[in-house]
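Student: What follows is a single structure, and I will ask about it in a moment.
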Amino acid sequence: MTVNLVRSGSLYPGVPYAYASVAPRGSLIFTAGACPLDDRGEVVGAGDVRAQASLAVANLATALAESGATLADVLKTTVFVASAERADLVAAWDVVSAAFGEHDAPSTLLGVAVLGYADQLVEIEAVAVAPG
């Protein structure tokens, strides 16, 4: 299946993502928030937004692969960063954006007060389309 990333001629063109995405009829994949947890369930990279974002993206990619999809099948992401500092949000976004490359699916990036695990700074959830 092909994800159709929608670009708008009516909205600001300088954003680093598509404004919307459309999937053909088929199965959707909704992921749980991908966390920066290692294979023992421990948070990796305490205090390091970039390290946590990298592992969260890797864990997201694994969950998608086990669902028969890849990052290129993602329709939308939501990236949560436990920080009130814009620099931390940008650092996490830089890692996520690099992982997705030219597949700049719509995304929401937001700072939150706290995430579920001790020392957790980043969490990423996604909606994807199952390849047909």
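Student: Of all residues in region 1-19, which are open to solvent by less than 40 Å² (accessible area, probe 1.4 Å) and under 15 Å from the mean Cα position of the chain (by Cα)?
Tutor: Across region 1-19, the qualifying residue is only A18.
Student: Which residue out of G47, G26 is more than 12 Å from the chain's Cα centre (by Cα), at pLDDT 90 or above and either open to solvent by less than 70 Å² (accessible area, probe 1.4 Å) or under 19 Å from L109 (Cα atoms) (or both)? So that I can check it myself, show each step before the final result.
Tutor: Numbers: G26 fails: at pLDDT 90 or above.
Matching residue, one of G47, G26: G47.
Student: For residues in region 67-99 being in contact with a Ser or Thr (Cβ under 7 Å, 6 or more places away or on another chain) and among the hydroxyl-bearing types (S, T, Y), which is farthest from L110 (Cα to Cα)?
Tutor: Looking at residues that are in contact with a Ser or Thr (Cβ under 7 Å, 6 or more places away or on another chain) and among the hydroxyl-bearing types (S, T, Y), I get T77.
Per-residue answers, yes or no, for (1) touching a Leu at 6+ places or on another chain (Cβ under 9 Å); (2) part of a helix (DSSP H, G or I); (3) under 21 Å from P131 (Cβ atoms):
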| residue | (1), (2), (3) |
| --- | --- |
| S10 | no, no, no |
| V15 | no, no, no |
| R40 | no, no, no |
| A46 | yes, no, no |
| A53 | yes, yes, no |
| L60 | yes, yes, yes |
| A92 | yes, yes, no |
| H103 | yes, no, yes |
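Student: Of the residues that make up region 100-122, is at least one open to solvent by 20 Å² or more (accessible area, probe 1.4 Å), acidic (D, E) and under 27 Å from L11 (Cβ atoms)?
Tutor: yes
Student: Report yes if some residue within region 85-96 is among the aromatic types (F, W, Y) and open to solvent by 70 Å² or more (accessible area, probe 1.4 Å); otherwise report no. Lay out the reasoning, then the answer.
Tutor: To start, the set of residues in region 85-96 that are among the aromatic types (F, W, Y) comprises 93.
Still in the running and open to solvent by 70 Å² or more (accessible area, probe 1.4 Å): none.
Checked against the condition, which is being among the aromatic types (F, W, Y) and open to solvent by 70 Å² or more (accessible area, probe 1.4 Å), region 85-96 yields no hits at all.
Student: Determine whether A84 is of a type in the set (A, V, I, L, M) and under 24 Å from L5 (Cα atoms).
Tutor: Working: of a type in the set (A, V, I, L, M): yes; under 24 Å from L5 (Cα atoms): no.
No, not satisfied.
Student: Would you point out which residue out of A53, A32 is open to solvent by 70 Å² or more (accessible area, probe 1.4 Å) and under 22 Å from S83 (Cα atoms)?
Tutor: On the way: A53 fails: open to solvent by 70 Å² or more (accessible area, probe 1.4 Å).
A32 is the lone residue from the list that is open to solvent by 70 Å² or more (accessible area, probe 1.4 Å) and under 22 Å from S83 (Cα atoms).
Student: I've got another one for you. Against the condition assigned to a loop (DSSP other than H, G, I, E, B) and open to solvent by less than 40 Å² (accessible area, probe 1.4 Å), how does A69 come out, does it pass? Talk me through it step by step, then tell me what you get.
Tutor: Working: assigned to a loop (DSSP other than H, G, I, E, B): yes; open to solvent by less than 40 Å² (accessible area, probe 1.4 Å): yes.
So A69 fits the description; yes.
The values are calculated or read from the model by the stated rules, or taken from the named source; none is laboratory data. These figures come from a predicted structure and were not determined experimentally. Positions of Cβ are generated from backbone atoms using ideal geometry, with glycine treated the same way; all protein chains shown enter the neighbour counts. Heavy atoms of the whole protein, side chains included, go into the accessibility calculation; ligands, DNA and RNA do not. Shrake-Rupley method; radii C 1.70, N 1.55, O 1.52, S 1.80 Å.
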